[in-house]
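Rule-based calculations on the coordinates, nothing more; no lab input. Every value quoted in this text rests on a predicted model; they were computed, and no experiment measured them. We place every Cβ from the backbone using ideal geometry, glycine too, and count neighbours over all the protein chains shown.
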């Protein structure tokens, strides 16, 4: 993908469209590309700060929360309040970066979908198959939440 191609980004708050260089997840192609990205990103930041000040403040607080978590995670302490602060920061960052929020309805639909098979295995006393199915159900949930290999570029075509 060429860095010269313009990519539209639409502000989710006001609908304004910005055109900038391809962002690329694998690498920055050269110094010119890096400079274009930095300039474009600064325009997006300025738009949020001037046109959507409340959201800009929320972003600033989230940045500070992430920075706090990253710095504190490099130190050990027996102070329980500091441990709680670190864990609260980690939790806040986690809540703001989840790609998937599993609702009770989604869980209920999953349970209803697998229950007949699990009952059949339980009635047949097929404990190894029941254990495998329950394990896969829970491991599948973990995969949805953790997204392993999502950006393992060696496994996915570009």
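Report summary: the helix-based calculation at 222 nm, which adds -39500 (n - 2.57) for every DSSP H run with n ≥ 4 and divides by the residues of the chain, gives -21500 deg cm²/dmol. When Cα extents along the principal axes in Å is calculated for this entry, the matching label among (1) 45, 36, 28; (2) 86, 37, 24; (3) 65, 48, 33 is (3).
Based on Cα contacts under 8 Å between residues 6+ apart, the chain shows a relative contact order of 12 percent. The smallest convex shape that holds all Cα atoms of the stretch 104-146, its convex hull, gives 54 Å³ per residue. Report the FRET efficiency, 1/(1 + (r/R0)^6), for residue 91 and residue 14, where r is their Cβ-Cβ distance and R0 is 25 Å, rounded to 0.05. With a Förster radius of 25 Å, E is 0.25.
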